[in-house]
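Read the structure below first, then the notes.
A short reminder: the numbers here are calculations on the coordinates, not readings from a lab. Only a predicted model underlies this, so the values are computations on that prediction, with no experimental measurement involved. Cβ sites come from the backbone with ideal geometry, for glycine too, and all protein chains shown count toward neighbours.
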Amino acid sequence: MAIEAPIRTGILGCAEIARKLSRAISLSPNAALSAVASRSIDKAKAFAEANGFPPHAKIYGSYESLLDDPDIDAVYVPLPTSLHLHWAVLAAKKNKHLLLEKPVALNVSEFDVILEAVESSGVQLMDGTMWMHHPRTLTMKDFLSDADHFGQLKTVHSCFSSAADPAFLKNDIRVKPDLDGLGALGDLGWYCIR
């Protein structure tokens, strides 16, 4: 049985969520944490060091440089949603498979453009929406759809909340819709509307 080479993965950006994903990539038996890019080489170096990147991982001071690297097979894009269209399309054109953080686009039209780019380049696209792909979600759906337990559901009311300290309320991208394009609705609100 032939052993496949690991997927050499780069990360575009040093968002907080990328810390968790970089650890997951490093623990995966079929992926290799191979590069990180930021708009600042110093920030990328600090991110790689703080998150246990292997010594051979490449550090880039621009997203373009990482996308131009022929040794990178796939990229994880934890950038603000308002930047997904540009970087996802460019990554696809550079033949990089994509893992886009949620939400993948600001609207359906942008998502259609991203889909066209990945389809025409023959690369894969996956969203970073773990909850939707977790077996527990299907179990919940099946349980709630069981007419013997609940009858026919006509309405579901849901609420999502989280503790937010003053630093979060001042600095987090989810409270800055001008940066993200969707604010908290795009990042947290979909849990309720999904």
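Data table
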item: For Ser62, residues with placed amide H under 5 Å, excluding near neighbours; result: Ser38
item: MRE, 222 nm, helices only [DSSP H, n ≥ 4, -39500 (n - 2.57), over the chain, to nearest 500]; result: -11000 deg cm²/dmol
item: Relative contact order (%) - criterion: Cα under 8 Å, at least six apart; region: the chain; result: 16
item: Listed residues His133, Cys14, Ser120: farthest to the positive end of the dipole of the chain (Cβ charges); result: Cys14
item: Order of Ser120, Ser65 under a 10 Å beta carbon neighbour criterion, fewest first; result: Ser120, Ser65
item: The stretch 83-179: trypsin sites (Lys or Arg not before Pro) in DSSP loop, at most 12 other beta carbons within 10 Å; result: Lys154
item: Loop chymotrypsin sites (Phe, Trp or Tyr not before Pro), the stretch 121-172 (other Cβ atoms within 10 Å of the site Cβ: 16 or fewer; DSSP); result: Phe160
item: Matching label, semi-axes √(5λ) of the Cα gyration tensor in Å computed from the structure shown, candidates [x] 39, 17, 15; [y] 31, 21, 18; [z] 78, 20, 13; result: [y]
item: Sequence-distant residues sharing a close amide H with Ile7 (under 5 Å, placed H); result: Ala31, Ala32
